[in-house]
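The values are calculated or read from the model by the stated rules, or taken from the named source; none is laboratory data. Note that this is a predicted model, so its numbers are computed, not measured. Because the Cβ atoms are built from the backbone with ideal geometry, glycine has one as well, and the counts that use them run over all protein chains shown.
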Amino acid sequence: MTAGEMNKIQILMCSVKLIILMVMFSHSTMEQSQLHIVMPKPLGKVTGPYQRWTLLPCHFFFDHMVTSESICLTWWRNESGHRRIIYAFENGQRQKQREDPDYSNRTKLYRNISEGSATLRLQILRLQDAGLYVCEVWSQRHSDADRASVNLIVAARPLRQGVISMNATFLSFESCGWLPEPSPFWTDERDRNVTEVTETSITPGEDGLYCVKSVLHRNTSERAHNLHLCYTNPDTGEKQTDIYQYIATNSADAYHINDGIVLGLLCWGILGIVVVIVVIRKLLHQKPNEESPLVKCPRSGSCRSYNGNSWRNL
């Protein structure tokens with residue numbers, strides 16, 4: 001083999017090595033950017049109903065085939081610079097020993113991790129569960145991880161949202177069990193805002209949920225009033241307004257008319273009782289007539305009794 005042929009072989013071998021190195025570098029670069037996480041829209045915000053369950057969505061995909069056994073993921077919260085792990089999955093199985101005991105038996109993956117789902121189901125929601133959660137995914141083939149966050153808002157509304165109680169001069173509404181705090185306002189029958197003549201208080205209860213009480217000093221010339229209650233729907237996370245309507249049954253002075261009827265009936269009842277008492281007293285003091293079998297005895301002590309057609313001395 002000549003020297004020229006040897007040089008050609010060496011050049012060819014160097015070229016092959018260079019190609020292999022380029023492929024390896026390209027593959028390594030691909031692995032560094034292979035992971036992508038997709039979060040829901042609107043980005044990073046979820047509302048969950050108090051004492052029920054919600055989903056913290058997180059989806060991921062790799063640019064090349066990755067086995068489920070090599071996929072690792074954690075859900076965690078950042079509290080004062082410390083990672084509080086909510087859910088951990090590694091080496092093909094859940095790592096419960098790494099999870100915060102406060103979330104024990106309250107979390108699980110919503111779907112199979114092999115389908116690219118890291119969505120977490122969080123159950124029995126508490127008020128303190130509200131906050132920022134981080135979904136972090138990586139592969140054992142490389143150490144770089146991708147992450148995304150979602151903000152959980154816990155909302156509540158009472159099963160029975162309350163009713164309006166009525167009086168001659170005011171309307172009153174009271175209801176407890178709201179989160180976040182609702183916003184009430186009143187309108188009259190002409191759809192004018194009359195909140196300025198109301199007294200409204202919104203206070204947190206011992207359970208952390210809000211109580212709302214609103215009293216409207218009603219104008220008796222107005223026949224109808226509406227209470228508008230704005231709040232966050234726990235199931236949809238959207239703002240919602242419920243309207244409670246009060247309509248006077250007969251007229252604006254229905255309360256005064258009813259009071260007059262009651263007073264009139266009371267007077268007639270008293271008059272009837274007096275008449276009955278007078279009649280009874282007259283009957284008790286009535287003198288016996290001639291047809292009466294009772295005969296008043298004279299003062300002499302003698303008295304006659306009628307027996308058939310004859311009289312006899314007693």
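Structural remarks
- Where TRP76 falls short, out of the listed (1) under 27 Å from PRO158 (Cα atoms); (2) surrounded by 15 or more Cβ atoms within 10 Å (Cβ to Cβ): (1)
- Within the range 167-181, if we keep just the residues that are in a strand (DSSP E or B) and either outside the structural domain of ARG218 (by TED's automatic domain parsing) or hydroxyl-bearing (Ser, Thr, Tyr) (or both), the residue that is surrounded by the fewest Cβ atoms within 10 Å (Cβ to Cβ) turns out to be SER172.
- Cβ pairs under 9 Å, 6+ apart, first in the range 62-80 and more than 16 Å from SER149 (Cα to Cα), second of a type in the set (Ser, Thr, Tyr) and part of a loop (DSSP other than H, G, I, E, B): ASP63/SER33
- Test: residue in the range 133-151 that is farther than 30 Å from PHE89 by Cα and surrounded by 13 or more Cβ atoms within 10 Å (Cβ to Cβ): no
- Selection within the range 185-208 - touching a helix residue (DSSP H, G or I) at 6+ places or on another chain (Cβ under 8 Å) and surrounded by 16 or more Cβ atoms within 10 Å (Cβ to Cβ): PHE185, TRP186
- The test for being of a type in the set (Lys, Arg) and in a loop (DSSP other than H, G, I, E, B) holds for ARG160.
- Checking the stated criteria, VAL154 turns out to be touching a Gly at 6+ places or on another chain (Cβ under 7 Å) and crowded, with 18+ Cβ neighbours inside 10 Å.
Residue-by-condition table, conditions (1) in a strand (DSSP E or B); (2) within 24 Å of SER104 (Cβ to Cβ):
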{"site": "VAL46", "(1), (2)": "yes, yes"}
{"site": "GLN51", "(1), (2)": "no, yes"}
{"site": "LEU55", "(1), (2)": "yes, yes"}
{"site": "PHE61", "(1), (2)": "yes, no"}
{"site": "HIS64", "(1), (2)": "no, no"}
{"site": "CYS72", "(1), (2)": "yes, yes"}
{"site": "TRP75", "(1), (2)": "yes, yes"}
{"site": "ILE86", "(1), (2)": "yes, yes"}
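- Strands (runs of 3 or more DSSP E) contained in the range 88-153 and holding at least 3 residues closer than 13 Å to THR74 by Cβ: 131-139
- Residue match in the range 95-103 (condition: surrounded by 16 or more Cβ atoms within 10 Å (Cβ to Cβ), of a type in the set (Ser, Thr, Tyr) and either in contact (Cβ under 8 Å) with a residue 24 or more places away in the chain or in contact with an Asp or Glu (Cβ under 6 Å, 6 or more places away or on another chain) (or both)): no
- Residue within the range 27-39 that is within 30 Å of ARG157 (Cβ to Cβ) and modelled with pLDDT of 90 or more present: no
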